[in-house]
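> Take a look at the following structure, please.
The values are calculated or read from the model by the stated rules, or taken from the named source; none is laboratory data. From a predicted model like this one, the values you see are computed outputs, not experimental measurements. Methodologically, a virtual Cβ is constructed for each residue, glycine included, from the backbone with ideal geometry; neighbour enumeration extends over all protein chains shown. The protein model used for the area step is the full one, side chains on, heavy atoms only, and it has no ligands, DNA or RNA in it. Shrake-Rupley method; radii C 1.70, N 1.55, O 1.52, S 1.80 Å.
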Amino acid sequence: MMKIIVQKFGGTSVSTLENRKAVLHKVQQAMQNGYSPVVVVSAMGRRGDAYATDTLIDTLKAENPSVHNREMDMLMCCGELISSCVMTAHLQQNGIKAIALTGGQAGIVTDSEYGAARIKNIKTSNLFRLLEDGFVPVVCGFQGVTENNGNFTTLGRGGSDTTAAALGAALHAECVEIYTDVNGIMTADPRIVKNASTLENVSYQDVQQMAINGAKVIHPRAVEIAMSSNIPLVVKSTFTDEAGTVISNDRANGNIGSDVEMSNKIASGIANMGNLVQFRVTLNVKDGAAGQKVFQDIANAGISVSFLNLSEKEAMFATFNDDADKTCKVLDASGFEYVCNRNCGKVTVILAARRGMYGLMASFVTALSSEGIAILQTVDSDNTISAIIKEENIEKAVRALHKEFKL
């Protein structure tokens, strides 16, 4: 029976000939281990490079700043098309029977929400036929086509991760490997915490929380797809032979450690995010619907908010910087009194030990207060504790929390 593995390579991995040789090595290793690989690639290049996605977007917007989303998606698919063709040519040059495929040719059908399309289904017949014929499909990540008219669509930020996870689920793959330029998922951003360590095993839920709260590890949608299909994800480096981080829920096979290890482990990692603005809105205690009106007015304006706290006297929430002025206009028009705290960020501890553990909030507050960091607001769940703080204190806060929770 055919053993399928999906291998996703980011833009850095396919950007130069030397890096493509490393990708070739990973594909050859998979084949030597008896797998039939399906390769997914991201776009190569950065703004300024002639073929980079950002450069192409700038070119299109210079021609027409209000270009239709349909044409924008067509253009944004070009980066992955280039990567797929170049990587396929490299594999062919080295004796591998490879074939380049667009997302549509790989059977990925989406809705028509240009720029943030969701996969509706994957028609796998073409991929299975190619695999049975000995081909290595090299699929463009980040893209699909609409069902009725075959228009190109893009899947939004992290779309290539989503492509890989969705193909893994549809093809009943043994696992999905996400290759990047780091050795796996770290306990914190290694640019901030020099002694951050690589996690050997971690649960889907913990990684999803890391990604949602700002850690640039893997897109939450990809984790959601893998979790629903119970397919292990492995995050590892293209450029080393390190084992990487296994993301799964399979304790029996030791994929996230033994029960003893899990019970002694308080936290999985620290995530951080910047570019936030905190709002504190004063409510009229005699108007029981005041809180509802705040959030309804903001929703009607198409503004996304997070970090919600609501009491009888006050509503607190956060927006991204880009929505701050728009939010102020909405609150002003509705006659609310409010405080707008700009230049904020968020730090989050992802907890491995959840219910039944006492003192977690005390440890969190102690770590920040010991560094003189003011907490503007907190929110917690079964497996996270987060705080809004001033953005200038984020790095100091991450290091303090990493130390306090013994990561």
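> Using a 1.4 angstrom probe on heavy atoms only, work out the carbon and sulfur share of the accessible area of the chain in %.
Accessible surface attributable to carbon and sulfur in the chain totals 48 percent.
> What FRET efficiency comes out for the pair HIS172/GLU395, r = Cβ-Cβ distance, R0 = 51 Å, nearest 0.05?
My answer for the efficiency is 0.75.
> To continue, here is another question. Rolling a 1.4 angstrom probe over the protein heavy atoms, how many square angstrom per residue are accessible across the chain?
Per-residue accessible area for the chain comes out at 47 Å².
> Nearest 10 degrees, 0 to 90: what angle lies between the long axis of helix 220-229 and the longest principal axis of the chain (Cα atoms)?
60
> If I model a spin label as a point 7 Å beyond the Cα along the Cα-Cβ vector, how far apart are those points for ARG191 and ARG70 in nm?
In this crude label model, ARG191 to ARG70 measures out at 3.9 nm.
> Between the helical axis of 159-170 and the dominant principal axis of the chain, each derived from Cα atoms, what acute angle in degrees is found, rounded to the nearest 10?
The helix 159-170 is inclined about 60 degrees to the chain.
> For ASP111, what residues show an amide H to amide H distance below 5 Å, using hydrogens built from the backbone and excluding near sequence neighbours?
Close amide H contacts, sequence-distant or interchain: ARG118, LYS120.
> Sort TYR204, TYR51 by accessible area with a 1.4 Å probe, largest first.
TYR51, TYR204
> Is segment 23-120 best put as rounded, prolate or oblate by its Cα gyration tensor, with a ≥ b ≥ c the root eigenvalues, rounded for a/c under 1.5, and otherwise prolate when a/b is larger than b/c, oblate when not?
The shape class here is oblate.
> Here's something else I'd like to know. Roughly how many Å² of SER125 are accessible to a 1.4 Å probe, to the nearest 10?
90
> Can you give me the distance in nm between label points at THR240 and LYS286, each placed 7 Å from the Cα along the Cα-to-Cβ direction?
Distance between label points: 6.5 nm.
> Now for a different question. Along the charge dipole of segment 44-159, pointing to its positive end and built from +1/-1 on Cβ of Lys, Arg, Asp and Glu, which listed residue (GLY144, VAL86, LEU127) has its Cα farthest out?
Projecting each Cα onto the dipole axis, the largest value belongs to LEU127.
> Give the ranking of LYS329, LYS21 by solvent-accessible surface, highest area first, calculated with a 1.4 Å probe.
From most accessible down to least: LYS329, LYS21.
> Now for a separate question. For MET2, MET316, give me the order by solvent-accessible area with a 1.4 Å probe, most accessible first, ignoring ligands, DNA and RNA.
Final ranking, largest accessible area leading: MET2, MET316.
> If you don't mind, another one. Once you put a point 7 Å from the Cα of ALA301 and another 7 Å from the Cα of SER369, both along the Cβ direction, what distance in nm separates them?
3.5
> A follow-up question, please. Specify which labelled value, from (i) 51; (ii) 62; (iii) 46, agrees with percent of Cα pairs over 31 Å apart derived from the coordinates of the model shown.
Recomputing percent of Cα pairs over 31 Å apart here picks out (iii).
> Applying 1/(1 + (r/R0)^6) with R0 = 30 Å to the Cβ-Cβ distance of GLU314 and ASN275, what FRET efficiency is obtained, to the nearest 0.05?
It comes to 0.80.
> On to the next question. For segment 289-407, just the Cα atoms, rotate onto the principal axes and tell me the three extents in Å, largest first.
47, 31, 23
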